[in-house]
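For reference, the structure discussed in these notes is given below.
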Amino acid sequence: MTLTREQIRGDIAGALGEDPADIPFDENLLDHGLDSVRIMTLLEQWRREHGVEADFADLAEQPAIDAWAPLLGAS
Amino acid sequence: MTTPVTTPVTALVTAGGRTAPAGPVTELPLTAAQSGMWYAQALDPLSPAQNTAECLEIDGPLDAAVFAAALRQVTAEADVLRVRVEDTPDGPRQHLCAGIEVPLTVHDLRDADADADADDAVPRAEAWMRADLAEPCDLAAGPLFRHALFRVGEERWLWYQRVHHLVMDGFGYSLLVRRTAEVYSALARGEEPAPRTFGTLAELVAQDAEYRSSDAFVADRAHWGRAFADRPEAPRLAGRGALPSRTFRRRTAYLAPDTTERLRDLAARTRATWPDVLIAAQALYTARATARQEVVLGLPMMGRLGSVALRVPGMVMNVLPLRLAVSPDATFAELVRQVVLGVREIRRHQRYRYEDIRRDLGLLGENRSLVGPLVNVMPFDYGVDFAGAPARARNLSAGPVDDLTVNIYDRADGRGLRVDHDGNPALYEDSDLAAHQERFLGLLDRLCAGDPQLPLSTHGIATPAEEALVVDEFNRTDREVPPTTLIGPIESRAARTPDATALLYGDSVLTYAELNARANRLARHLRTLGARPGAVVAVSVPRSVELVVSLLAVLKAGAAYLPLDPDYPARRLTYMLQDAQPVCAVTDRAGRLPGDAGTPLVVLDGLDVSAHLPVDPARALTPAHPAYVIYTSGSTGRPKGVVVPHGAIDNRLRWMQHTYGLTAEDRVLQKTPSSFDVSVWEFFWPLREGAALVLAEPGGHKDPAYLARLIRERSVSTCHFVPSMLQVFLADADTAGCDALRRVFCSGEALPRETANAFGRALPDVELHNLYGPTEAAVDVTHHACAPAGTGPVPIGRPVWNTRLYVLDAALQPCPPGIPGELFLAGEQLADGYLNRPELTASRFAADPFGAPGARMYRTGDLARWTAGGEVEYLGRTDHQVKLRGQRVELGEVEAALTGQPGVDGACALVREDRLVGYVTGGADPTTVRAALARELPEHLVPAAVVALEAFPLSPNGKLDRRELPAPVYAGGPDARRPAGPREETLTRLFAEVLGVERPGPDDAFFDLGGTSLLAVRLVNRIREEFGAELTIGSLFEAPTPAALAARLADAGLAAEDALDVVLPLRAEGDRPPLFAFHPAGGIAWCYAGLAARLGPGQPVYGIQARGLIGDEPLPRTLQEQAADYVGHIRAVRPHGPYRLLGWSVGGILAHTVATLLQEAGETVDLLALLDAFPAEQWRERPAPEEGDALTAVLRMAGFDRAGERTRDDVLATLRRASSPLAGLTDHTLSRIVDIVPNHARMMREHHHRPYDGDVLFFTAAAPRPEDWLTREAWRPHVRGAVVNHDLDCTHPQLMRDRHLDTVAAALAARLKELGA
C-alpha cells in the first residue's frame, strides 16, 4: 500500500491534533508544532504500514509535505 | 576455559576510505557544545565519565572483514571521529586529521571448549566492554573512539562502539549506525555504497560561530535570563548535590508493551506526545519526592531540526531547563499541557547553551545546578539491518550523570520503551535507584490507567507496600491505658509512700505527705475562688517549693494551670491573662503581675490557708478535662494558648514510666521554666512514681557549672537538656562526679550527632534519649535512644504509645521511607486546640484520613522523613518558624512586633549564624526599636541586632530576597585591603593574570570577577605551576578568594614561614582599633588565634612575634630595645592611637613596656590587658627553672604543662597528639626558640619598668602554683590606674585553653564595648 499526499497530510494532522485542512502542503511543518518525536512516530508508522525506506534525517531536513511525498513514495 | 580468538584489525584510513599516509591536519576551534564537554573533562582529566558507548546486537551472518571495511569508510566520512583536542594558550583547539587508524578488535567468543558454558560468551563480552568504558580517554592523543566486534554465537554478534562525549551525542550515534549498516550492506552485496551523506565538522563550527554572533543569540540569552531571574533551587531527589563522579549507577526497566500502548493512548487523549507524558509524570514524581510545588527538570534536546547538524554525527545536544508548577489541585491533563507549552517555548530558544544560562544567572560561581533530574528521551532512528541481519541497539553509557537522569529509548525496533535510571554514585545507592524507578513506573502505570482529568492529589508516589509500611506497620503503638488524670496517680502515690522524700530545694526537704498537705490546703482555697474542672488558674511563681505546691494545688482543684513566666514583659503577661481569662492567678508576692487584666490574685506571701483541710479534695475531673494551658509563639504576632487534656499527658507519662522505669531511688532535676512544656514531666513524673524532685534555683538552668554541682551534690539521676545547652554543659562543666546520673533526655531542637557523641565520651555510663514533640501533642510523641558512637543524623525516633506519625506530601499522600514530607501527628496525645482560636485550631488539627472516623491529626509544620527502619528524622521547617536554643520562634511574631514600632514601615526577621536579626525600613533608630522589643517580647524573641535599611532587596518577581539582606556586621569598606603575606600576593596576581582584571582584592571571589569554568581550569594550572600544589576545581568553588585559597594552600602543609613574621595578622578585617597581642617567652603568638576567633568579626587582632624565628637575625639585648622595635611594627599597622595591647606571660611585660613607650610618645593607650604576667622585679632575684627551658616554653605556647616529655621528640609527639600547629615547626625554628627563651628570661630580669598611666585588666591563673611568690600586686608601682582582676580556675599554661579563653574573651569584649569599639 503506497502512501498518498492526502494520507500523509491526514497522518500529520492526526499527530498534531489539527484538522488536515489546516496543514498546507508547502509550509514548514515545524511551524505547525511538528517535532522530532512526532516525526519519528510518523516514520515508524509509515515504515510499518507502507514499507517506507526514508530515514529520520531525510524527513527532518525538509519538513514539508511537498518535500516528503517523493521520499515516502507518494505520487 | 575458552580462549578468545582476538584479531586486532587496524588500518590507516583517509577520507574516501583508501589506505594512505596521514594527510594534512585542519585546526578548528571547539563549538560551544564541545567546550562544555571539554571543561567537564578538564575538571577531572582521568575520569572516564565522558565515555559514551553503545552495543548493537546483530543476529545473522556477519563478515568481520567487510564490517571492518565499512567502519573504515564511515570513519573516513565522519570528521569528528578523526579529531584530537589540545589545550592552547588561546583555549582548546581540535585538530582534524585527514586519516587515522580505526581502533577495532574482533573477538571470537564462541566456545572453543566442548564443556564450556556457551552462555558465558555474552557476559565475557560485557565484562570487556565495562573494562574498556572505565579507561579514561586522552583527548590530546586521540583517537576519541573505539570499536570492538564480538562473535558470541554462530550467527550472533555484538558490535561495541565507544566515543568521547566531546565529539558525539545520542543522535550522532544513530547516524553512525545507520551509515555503517548502509555501507556494510552495499559492500556485502558487492555494490558501491551510496555516496556519503554526512555534513562536515567545519559546517558545525561555522554554524555555531554564526549563531553566537547573531541577534537570535542575544534574544535567547535575554529569554533565559528573564525566565530564571529568580534562580529557583534545583529539586534534588537525594536531598543534596555532589560533584560529578567518574562512574554512574544504572537500573534498567522495560515498559511492558501494554503499558507502552496505554502511554501512547494517554498521550493522544491529552493531545501530547508520549515523551510529554513521561516528562509530566517525572515532574509529578519529583515534586512529591522533594516536597515542592514547583520543579525544574533538565531536558536534553537534540537541537538539530532545521539545521545542517541533522546530517553531522557530532556533539550538538543541549540540556535545557523546564520549569513546571505541580499543584495538588491541578489535573494531570493540565500538567501535560504545561509540558507541551513549556517544551514548545524551550524549542524556540534551544540553541543557547545550558552552561551559559547557569553562568548568566551566577550559578556557576556557587556551583549550583539549575535543574533537578534529567528526562532524556531518545527516539532515535535505529531501524537498520546489516545485509538483512537485524540489529538492536543498547546504550551502555549516556555520559556523565550529575544527579539523576532518566533515559528513555525508543529504538523503533518494536520492543517498546526502555527506561534507564542513571544516578551519580555519590548520591544514590543501587537500592535508591531501584526505589525511584519502581515508584516512578508504578506512578506512570496508575497515571496511564487513570483519568487524566482527576486532580493530581489522587496520586501518591509510594508503592502499595511502602504505604502499608509507613501508615500501619511503623505506627503499631496501640496500648490499653487506664482512664486516669495527671494528678490522680500523684495523690495515690502520696497515700502509699507518705514519708518518702518528694522534693529537695536548697535546704528544704519535703516528704510526700508534707507536699500533699500543703497543696491540698491551697487547692481548697483556690476552689473558693472558682477553681474547678474546666477552669483555668494562672501561676506566676519563680522556681521554688511554692511553685510546685501551686501547680499541684491547681490540678487538685480540678483546674488547668496556666504558667506565666515571671521574667516575661508586662505587656505579654497582660495579653495572656486577658486571653485566657483565668479565674485567679497565684503569685509569690504582690506586684508580680500587671494589674490591668483585672485577674483576682492569690498572693502566697502572707497567705494563710491553715484553716483548710490538708486532705485530697473531691472533684469531678475526667481525662477529657484540660490539665494545662501553655502559650507558644504565634506567627501572626499573637501568642496562642495550647490546651492539653489530662488524658493526653497521662498517656505520655505512662509511656515514659514504662519505657524508662523511674524508681523510688531516682532523683529528677527540675530546671526547665514552667512555661516550657518539658517542665511538665519534670514536675509530675517523679511525683507519680515515688521518686524525688530536685529543684534548681531560678535562673540556675542557664549556668552549666551550677547544674553540674547540683547534679553531683544532689545525686540527680534524671534530667533534661535542650541540645544547645547540653553542648555547653559538656564543654564547660565538670561532668566528673555525676555518678548518680543514669539518663539524660534531649528535646526542643535538633540534637547534633557531634553533641550526642561528645555526651557518650563524657558520660559513657549514662543513657541519652532524644525526644520530639510540639506543645500541641503533650510534650513528646517520639523517642530514640542514642548509641554512644553513632553516625549520621540523630533520628527523633519512633512513636510513643497510642500515637501515629504520618509523613505526608503536598497532596497529603504518605511519603515512602527516605522521602521528605510534612510530619503529622495523630492519637491520644493531641491537644484540644488553641484557646479561643477555633479557626486556627481547625487549620492545624484536621481530620485524620488514615484513622477511625472522627480522629484528628495535627499538622506540625516540621519537615521529616522515615528511615527504612521505621524511625523518623527531623529535617527542618516548612514555614518561617525557627527554634533558637530550644525555644519556638515564629518570625512572623517578631516581624509583627517590629512593624508595630513608631517609624517602622516594613520589617523582616531571620536567623543568621544562630542569632535572630531584625531588618526595618522607615527611618526608625534601630537601637530604639530593639530596646522597645525587649520591653514587649520574651528574651528569646528579641533580635540580637536590628538593621535599618533604605529599602528591602527584592527578587525580580518582586518578592523579598532574603539572601540579599546584609549581614548585621559590615566587614571592610569598598576599597580592597592589601594582600596579607606573599601567598595572598601571588594568588591575587594570578587572579589578575587569568581574569584580566586590574586589581583584584584578596577577598574578591573568582566567579564574581567574571571567572568562567574554562578560566578556572587555567587558574588551577597556574597555581600548580607557581606553588607546585595540586588543587582541584572543586576547591576553587569552596575557596573562591585569594585569601581563602591562601589558607587552603597553607593547610596543604606548605611553608608556614609568613606565619613567623613579627606582625602576624590573626584577623586583619574590621573597622575597630586593632588589638595587639604580644608573644610569650617562646616568641610565637599563634596562641592568640583562639582569642581572635572569640572576639568575632569586626575586631582586628594582630600577634606580635619575636625576631629571628625564620632567619638568623641577632636577638635583642634589652626588653626596652625589643619593645621599641615592636612600636615601629605596630605603628606600621596603625600609625596613631588609641592602642589596645594584650600579653600573656612575658608578653604581658612586653605589652606594658610598649604601652609606656607609646604614652611617652604622646599616644593614647586605652586598653592594657595582662594575662598572668608579673613584673620584672618579681623575677629578678630568682633563677628561671621554668622559663629557661625552651621545650617547656614550646609546650606552654600550646597550652600544656610539661609532664613526662624528656626530649624534643617527646614534645613534638605531644603537640601532634593535640593537633597543635606548633607540631609543624621546622628544626631551624625550634633551635632558634632554644635561644629565644633564655634570652627572654635574661632580659626580663634586667628590665626596669616605667609607669603606665591607666587601668590594667588582669587575668590570674588562680590554681596553686610552685611560684607562690608571684603576685599581681607587684604591678602597683608601675600602674597609675586600677588593676581589675579576673580569677580563672586554671594553671598558667591552661589559660590558653578554649574554656578559659572564653572567659578572657568575654571580659575583653565587655571592656572593648565600654570603650565604644
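Give the residue, chosen from B:T458, B:T463, that is within 32 Å of the chain's Cα centre (by Cα) and surrounded by fewer than 18 Cβ atoms within 10 Å (Cβ to Cβ). Give the steps one after another, and end with the answer.
Working: B:T458 fails: within 32 Å of the chain's Cα centre (by Cα).
Only one candidate qualifies: B:T463.
Give the number of residues within the stretch B:395-446 that are free of Cβ contacts under 8 Å to residues at least 24 places away in the same chain and either closer than 14 Å to B:A253 by Cα or outside any loop (DSSP other than H, G, I, E, B) (or both).
Within the stretch B:395-446, the subset free of Cβ contacts under 8 Å to residues at least 24 places away in the same chain is B:414, B:431, B:442, B:446.
Pick out the ones that are also either closer than 14 Å to B:A253 by Cα or outside any loop (DSSP other than H, G, I, E, B) (or both) and you get B:431, B:442, B:446.
Summing the residues that are free of Cβ contacts under 8 Å to residues at least 24 places away in the same chain and either closer than 14 Å to B:A253 by Cα or outside any loop (DSSP other than H, G, I, E, B) (or both) in the stretch B:395-446 gives 3.
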Exercise for the section: Tally the residues that are in a helix (DSSP H, G or I), farther than 16 Å from B:L1141 by Cβ and more than 33 Å from the chain's Cα centre (by Cα), restricting the search to the stretch B:1303-1317. Expected result: 1
Exercise for the section: Would you confirm whether any residue within the stretch B:188-198 is part of a helix (DSSP H, G or I), surrounded by 18 or more Cβ atoms within 10 Å (Cβ to Cβ) and within 14 Å of chain A (Cβ to nearest Cβ)? Expected result: no
Completion exercise
Log entry, pairs with first residue in the stretch B:1128-1155 being part of a loop (DSSP other than H, G, I, E, B), second being aliphatic (A, V, I, L, M), beta carbons closer than 7 Å, six or more apart or on different chains, reads B:G1137/B:L1158; B:G1137/B:V1165; B:P1138/B:V1165; B:S1145/B:A1081; B:S1145/B:A1173
Exercise for the section: Filter the stretch B:795-815 for residues that are at pLDDT 95 or above, in contact with a Cys (Cβ under 8 Å, 6 or more places away or on another chain) and farther than 24 Å from B:G634 by Cβ and give the result. Expected result: B:V807
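Just wondering, is there one or more residues in the stretch B:163-171 that are in a strand (DSSP E or B), away from every other protein chain (no Cβ under 14 Å) and modelled with pLDDT of 95 or more?
First, pick out the residues of the stretch B:163-171 that are in a strand (DSSP E or B): B:163-164.
Now narrow it down to the ones that are away from every other protein chain (no Cβ under 14 Å): B:163-164.
Imposing the further condition that a residue be modelled with pLDDT of 95 or more reduces the set to B:163-164.
Checking the stretch B:163-171: at least one residue is in a strand (DSSP E or B), away from every other protein chain (no Cβ under 14 Å) and modelled with pLDDT of 95 or more.
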Practice task
Looking only at the stretch B:716-746, count how many residues are in contact with an Asp or Glu (Cβ under 8 Å, 6 or more places away or on another chain), surrounded by fewer than 23 Cβ atoms within 10 Å (Cβ to Cβ) and small (G, A, S).
Solution key: 2
Completion exercise
Restricting attention to the stretch A:38-75, the residues that are under 25 Å from B:A272 (Cβ atoms), more than 12 Å from chain B (Cβ to nearest Cβ) and loosely packed, with under 15 Cβ neighbours inside 10 Å number exactly 1
Practice task
Name, by its number, the condition in (1) within 14 Å of chain B (Cβ to nearest Cβ); (2) loosely packed, with under 14 Cβ neighbours inside 10 Å; (3) β-branched (V, I, T) that does not hold for A:T2.
Solution key: (1)
Exercise for the section: Go through the residues of the stretch B:1277-1291 one by one and say whether even a single one is out of contact with any helix residue (DSSP H, G or I) (no Cβ under 7 Å at 6 or more places or on another chain), closer than 25 Å to B:E1181 by Cβ, exposed (fewer than 13 other Cβ atoms within 10 Å of the Cβ) and at pLDDT 85 or above. Expected result: yes
Fill in the blank from the handout: Of the residues in the stretch B:237-265, those that are within 14 Å of another protein chain (Cβ to nearest Cβ) and of a type in the set (A, V, I, L, M) number 1
Exercise for the section: Could you check how many residues of the stretch B:363-408 are within 14 Å of another protein chain (Cβ to nearest Cβ) and within 25 Å of B:R288 (Cα to Cα)? Expected result: 4
Fill in the blank from the handout: Scanning the stretch B:459-488 residue by residue, those part of a helix (DSSP H, G or I) and either among the small types (G, A, S) or in the same structural domain as B:R262 (by TED's automatic domain parsing) (or both) turn out to be B:A465, B:A468, B:G488
Practice task
Select from the stretch B:871-885 the residues that are in contact with a His (Cβ under 9 Å, 6 or more places away or on another chain) and not in a loop (DSSP other than H, G, I, E, B) and list them in ascending order.
Solution key: B:V872, B:L884
Exercise for the section: Would you please name the residue that is nearest to B:G172 (Cα to Cα), looking only at residues in the stretch A:5-37 that are within 13 Å of another protein chain (Cβ to nearest Cβ) and of a type in the set (G, A, S)? Expected result: A:S36
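Hydrophobic (A, V, I, L, M, F, W, C), at pLDDT below 95 and under 26 Å from B:A777 (Cα atoms): does that describe B:L730? So that I can check it myself, show each step before the final result.
Values: hydrophobic (A, V, I, L, M, F, W, C): yes; at pLDDT below 95: yes; under 26 Å from B:A777 (Cα atoms): no.
Against the criterion (hydrophobic (A, V, I, L, M, F, W, C), at pLDDT below 95 and under 26 Å from B:A777 (Cα atoms)), B:L730 does not qualify.
Restricting attention to the stretch B:270-321, report how many residues are farther than 22 Å from B:D809 by Cα and away from every other protein chain (no Cβ under 11 Å).
Residues that pass the stated criteria total 11.
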Handout entry: Test result for B:V629, in contact with a Cys (Cβ under 6 Å, 6 or more places away or on another chain) and at pLDDT 95 or above
Key = no
Practice task
Examine the stretch B:245-268 for a residue that is at pLDDT 95 or above, within 28 Å of B:G861 (Cα to Cα), of a type outside the set (V, I, T) and in a strand (DSSP E or B), and state whether such a residue exists.
Solution key: no
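The values are calculated or read from the model by the stated rules, or taken from the named source; none is laboratory data. This structure is a prediction, so every number in the text was calculated from the model and none was measured. Methodologically, a virtual Cβ is constructed for each residue, glycine included, from the backbone with ideal geometry; neighbour enumeration extends over all protein chains shown.
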